[in-house]
Amino acid sequence: MLTKDRAVCVRTVDYSETSQVVTLFARLSGKVSAIAKGSKRAKSAFDGPIEVLSCGDIVFSGTSKETLATLTEFQLYPMQGGLRRNLFALHSALFAAELLNSLTDDYDPHLVLFDHTLQLLQDLDGPELARDRRDVMIRLILFQLVLLREIGLRPVVDMCANCKRPFSKTWREVYFSSSANGLICRDCEMSYPDKVRLGSAAAAGLANLRQITRLQGRAVEEIERVLIHHFTETLGRRPKMAKHIQKA
Ligand SMILES: [Zn+2]
């Protein structure tokens, strides 16, 4: 049986001289691992080797978790070229792909997350984007928060995740704890050895995402640093792309 879907490629591994195994995050099917036979040949059903971040309409056969599916078509959506010109945008998109691959399960669809992923890639690739590090990072942060929400790990950002005291800008110290999955107030921080301190502007931006575009670059970097810490704790390892996102 053939399945049609839309997908973003989140991982590729060479399978032989001529073929690849690709991991696709598909809109209706969820994550699918498939063999693309002959994809590395000059003449194949695919226009050359399949690359991570390629998006398009796919056709595949086999939908069992135990065996690889076979990819028979991948009609790519045209890219604008923005990702080729902006290294930080490219790294951010690759980081998003790595997180999707690490945090979603095979054949567990997330439509909202798929649509958000496609929008992120189009925004990062588009010609209109102000190609500033801060703008790219804000898009990455919003994507990461959608990802956490859609996989059932929405962090608590409007109150102390422990004592439930509502967050306010008057908090003199704010922390984020991965084990508590959210903000932690000064009275509770002692119980959370994994906490990291968050500046008040960054905490306010996280608590009210509508404000995030007004934040200074430094506060945006701080939110991303906390999210990388959080993904590291969640995955039990640091994501590979993190070193390209976080300034030393
Ligand atoms: Zn508290």
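The values are calculated or read from the model by the stated rules, or taken from the named source; none is laboratory data. All values derive from a computational prediction rather than experimental measurement. Don't worry about glycine lacking a Cβ; one is built from the backbone with ideal geometry, like all the others, and counts go over all protein chains shown. Each accessible area value is taken on the protein alone, full model and side chains, heavy atoms only, with ligands, DNA and RNA left out. Shrake-Rupley method; radii C 1.70, N 1.55, O 1.52, S 1.80 Å.
For GLU222, are the conditions met, namely being without any contact (Cβ under 8 Å) to a residue 60 or more places away in the chain, more than 16 Å from the ligand (Cβ to nearest atom) and open to solvent by less than 50 Å² (accessible area, probe 1.4 Å)?
Against the criterion (without any contact (Cβ under 8 Å) to a residue 60 or more places away in the chain, more than 16 Å from the ligand (Cβ to nearest atom) and open to solvent by less than 50 Å² (accessible area, probe 1.4 Å)), GLU222 qualifies.
Filter region 65-110 for residues that are more than 16 Å from the chain's Cα centre (by Cα) and assigned to a helix (DSSP H, G or I); which is surrounded by the most Cβ atoms within 10 Å (Cβ to Cβ)?
Ranking the candidates gives GLY82 first.
Out of region 159-194, which residues are closer than 25 Å to LEU100 by Cα and away from the ligand (no atom under 11 Å from the Cβ)?
PHE176, SER178, SER179, ASN181, ASP194
Can LEU118 be described as touching a His at 6+ places or on another chain (Cβ under 9 Å), touching a residue at least 60 places away in the same chain (Cβ under 8 Å), surrounded by fewer than 19 Cβ atoms within 10 Å (Cβ to Cβ) and of a type outside the set (Val, Ile, Thr)?
No: the conditions fail for LEU118.
Working only within region 147-170, note down all residues that are among the hydrophobic types (A, V, I, L, M, F, W, C), surrounded by 15 or more Cβ atoms within 10 Å (Cβ to Cβ) and assigned to a loop (DSSP other than H, G, I, E, B).
Selection gives ILE151, VAL157, CYS160, ALA161, PHE167.
Results for (1) more than 10 Å from the chain's Cα centre (by Cα); (2) within 16 Å of the ligand (Cβ to nearest atom); (3) at pLDDT below 95, shown as yes or no for each residue.
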site: GLU128; (1), (2), (3): yes, no, yes
site: ARG133; (1), (2), (3): yes, no, yes
site: VAL146; (1), (2), (3): no, no, no
site: ARG149; (1), (2), (3): yes, no, no
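Condition check ((1) of a type in the set (Phe, Trp, Tyr); (2) part of a loop (DSSP other than H, G, I, E, B); (3) in contact (Cβ under 8 Å) with a residue 24 or more places away in the chain; (4) under 20 Å from ARG133 (Cα atoms)) across all residues:
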{"site": "ASP187", "(1), (2), (3), (4)": "no, yes, yes, no"}
{"site": "ALA204", "(1), (2), (3), (4)": "no, no, yes, no"}
{"site": "THR213", "(1), (2), (3), (4)": "no, no, yes, yes"}
{"site": "ARG218", "(1), (2), (3), (4)": "no, no, no, yes"}
{"site": "VAL226", "(1), (2), (3), (4)": "no, no, yes, yes"}
{"site": "HIS229", "(1), (2), (3), (4)": "no, no, yes, yes"}
{"site": "HIS244", "(1), (2), (3), (4)": "no, no, yes, yes"}
